[in-house]
1. Could you list all residues from the range 7-44 that are surrounded by fewer than 11 Cβ atoms within 10 Å (Cβ to Cβ), modelled with pLDDT of 90 or more and of a type in the set (D, E)?
2. If I go through the range 45-56 residue by residue, how many of them are over 16 Å from T20 (Cβ atoms) and surrounded by 15 or more Cβ atoms within 10 Å (Cβ to Cβ)?
3. Quick one: what pairs do we get from the range 64-76, first residue modelled with pLDDT under 75, second exposed (fewer than 12 other Cβ atoms within 10 Å of the Cβ), C-beta under 6 Å, 6+ apart or different chains?
4. Kindly evaluate I89 against the criterion of being modelled with pLDDT of 85 or more and among the aliphatic types (A, V, I, L, M).
5. With (1) under 30 Å from T4 (Cα atoms); (2) of a type outside the set (F, W, Y); (3) modelled with pLDDT under 70 as the list, and L57 as the residue in question, which single condition is left unmet?
6. What's the number of the only condition in (1) touching a helix residue (DSSP H, G or I) at 6+ places or on another chain (Cβ under 9 Å); (2) on the phi > 0 side of the Ramachandran plot that H31 fails to meet?
Amino acid sequence: MQLTKEQRTFIVEKYFQVKTFQQIIQSFQEHFRERQSPTKMIIWRNVTKYKTEGTSLDLNKSRSGWKRTGLSEENVRIVQGALTENPQISARKRGLDVTKSTFNRIITLDLKWHPYKMHVLKAKN
């Protein structure tokens, strides 16, 4: 379970006041009775993050997950131009320098187009 903003702030403030892990853990237990006290590693990581980034808050929202290197602006323009030129030709036949999965991600996520394949139905006799 992640620490709340208030708990992270408390840990950093106590670290700069007392500078011993045992006193920080004891103060944390007294102040937040309903919560299990953090380990020395959690305290150290929060303090280190505060020293390096100026905050101990969770900053993963903008950096989490895979980097989308194939979905650059240039690739999006290339795919969009190729599809508007002739939508019947596949990505591989076009000779684009994007993988099939990147091509499909660009179509669905960036261009908001939904590819489909026409099926010929047999007539009932």
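The values are calculated or read from the model by the stated rules, or taken from the named source; none is laboratory data. A quick note: this is a predicted structure, and the numbers were derived from the prediction, not measured. Using ideal geometry, Cβ is built from the backbone for each residue, glycine included, and neighbour counts are taken over all protein chains shown.
1. Matches in the range 7-44: E30 only.
2. Adding up the residues that qualify gives 3.
3. Listed pairs, sorted by first residue: none to list.
4. Spelling it out, it is not the case that I89 is modelled with pLDDT of 85 or more and among the aliphatic types (A, V, I, L, M).
5. (3)
6. Status for H31: all satisfied but (2).
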